Amino acid sequence: MGITSIRVLVVDDYEPWRRFIRLAVLTYDKLQVIGEVTDGLKAVEKARQLQPDLILLDIGLPTLNGLEAAGKIREVSPTSKILFVSENRSPDIAEQALKIGAGGYLVKSDAATELLPAVNAVLDGMRFVSASLAGHDLGERADDQGDCLRRDNVLTPFPAQRRVGHEVQFYANDEGFVDGFARFIEASLKVGNAVIVVATESHHAKLRERLMADGLIVAAEIKQGSYIPLNVEDTLSRFMGNDSIDLVLFRKLASHLIAEAARGAKGEHPRVAACGEGVNTLLASGNLEATIMLERMWDEIGQHYQVDILCGYFRSAFASEGNLSMLERVCAEHTIVHGRELCY
């Protein structure tokens, strides 16, 4: 989001909702509410005066409804990004909102979990559609200029009732680690998905060597944005403080990375996959509680955005009998477990 604050204008005629937005924004780094208005005409004038970076815009407004206001706002404040926030669940209304040029459509009842991902997606240039509207192919419909909105430029949270893979693999050594991660990466890229890889620099070097030996042009995948390698220590430092996880910073980082990866995906119905050893790094430092919390946060993100996840651990961390309860806790956080029996 850059160094300066993101300036937000809130347009809604329901005061409790505006209060919810004010309180929510307080928890988000670099977001600042610079104005609030209660009807469409005032929204157009305030947008002209303030030139906000982001406008959270309701549809059911007095004087001028949100859809009409959005069209006028685009004329007087063309650089402002618009995120519709409405209780209206009609796919047709959502389609109209996107055709007008809005960056996304968030259903109010989903805002408790989707507000931050929606804001991040819109600010990153993605189209966001609430999970409750998933399945209506809104991202494939044409805008007013006849251009097709690409499916891989639409970020739609995955409905929570459906599960995706959150795997764990226990490795005996570096060779096993590289082999397991390479197979996961290759399987993702083969079907056109993008993959985020969080590992040590030495493991990244070995992975590149293995992937290139298997015929993958790693440099091209990185340039495309379909392969995003991240240093594990640097990544952890972005959301860890005092040996604990800052949940707000983690969600912000994860949603940003997924939005970035989604732009690099190449398949007809692209998805994002992620694999990493951040949990192993935390566990190796003796921080079991942060390890479990990180597992749960990745599970939340995985289910929310339909991201398949592979977590890598080294078996040596569970070699002693006293660590078996720790192994049980780690395994309990995953839907698929590989190599558990070899840790005993």
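Which count do you get for residues in the range 253-270 that are closer than 16 Å to Phe128 by Cα and either buried (at least 22 other Cβ atoms within 10 Å of the Cβ) or of a type in the set (Asp, Glu) (or both)? So the answer is 7.
For the range 147-249, please list each of the strands (runs of 3 or more DSSP E) lying entirely inside it that holds at least 1 residues being modelled with pLDDT of 95 or more, within 24 Å of Met297 (Cα to Cα) and of a type in the set (A, V, I, L, M). Steps first, answer last, please.
On the way: elements: 166-171, 194-199, 227-231.
So the answer is 194-199, 227-231.
Where strands (runs of 3 or more DSSP E) fall wholly inside the range 22-132, the ranges with 3 or more residues that are outside the structural domain of Val248 (by TED's automatic domain parsing) and at pLDDT 85 or above are 31-37, 54-57, 81-86, 104-107. In the condition set (1) touching a Ser or Thr at 6+ places or on another chain (Cβ under 6 Å); (2) under 26 Å from Gly286 (Cβ atoms), His204 is compliant with all but (1).
Is the range 321-342 home to any residue that is modelled with pLDDT of 90 or more and part of a strand (DSSP E or B)? Looking through the range 321-342, none of the residues is modelled with pLDDT of 90 or more and part of a strand (DSSP E or B).
Looking only at the range 232-250, decide whether some residue is without any contact (Cβ under 8 Å) to a residue 60 or more places away in the chain, within 18 Å of Ala194 (Cβ to Cβ) and not aliphatic (A, V, I, L, M). Give the steps one after another, and end with the answer.
Of the residues in the range 232-250, the ones without any contact (Cβ under 8 Å) to a residue 60 or more places away in the chain are 232-247, 250.
Then drop every residue that is not within 18 Å of Ala194 (Cβ to Cβ), which leaves 235.
After this cut, where a residue has to be not aliphatic (A, V, I, L, M) as well, the list is 235.
Yes, some residue in the range 232-250 is without any contact (Cβ under 8 Å) to a residue 60 or more places away in the chain, within 18 Å of Ala194 (Cβ to Cβ) and not aliphatic (A, V, I, L, M).
Of all residues in the range 86-109, those satisfying the criterion of being touching a residue at least 40 places away in the same chain (Cβ under 8 Å), under 13 Å from Ser132 (Cα atoms) and buried (at least 17 other Cβ atoms within 10 Å of the Cβ) are Ala94, Lys108. The set of residues in the range 291-308 being of a type in the set (A, V, I, L, M) and either at pLDDT below 90 or surrounded by fewer than 20 Cβ atoms within 10 Å (Cβ to Cβ) (or both) consists of Ile292, Met293, Met297, Ile301, Val307.
Residues that are closer than 20 Å to Leu115 by Cβ and β-branched (Val, Ile, Thr) within the range 283-313 comprise Ile301, Val307, listed in sequence order. Asn280 passes every criterion in (1) within 19 Å of the chain's Cα centre (by Cα); (2) surrounded by 20 or more Cβ atoms within 10 Å (Cβ to Cβ) apart from (1). Which ones in the range 35-70 are surrounded by fewer than 18 Cβ atoms within 10 Å (Cβ to Cβ), of a type in the set (Val, Ile, Thr) and touching a helix residue (DSSP H, G or I) at 6+ places or on another chain (Cβ under 6 Å)? Residue satisfying the conditions is Thr63 alone. Residue count for the range 204-257 satisfying the condition of being aromatic (Phe, Trp, Tyr) and over 18 Å from Thr291 (Cα atoms): 1.
The values are calculated or read from the model by the stated rules, or taken from the named source; none is laboratory data. In this text the structure is predicted, and so the values were computed from the model without any measurement. Cβ: placed from backbone, ideal geometry, glycine included. Neighbour counts: every protein chain shown.
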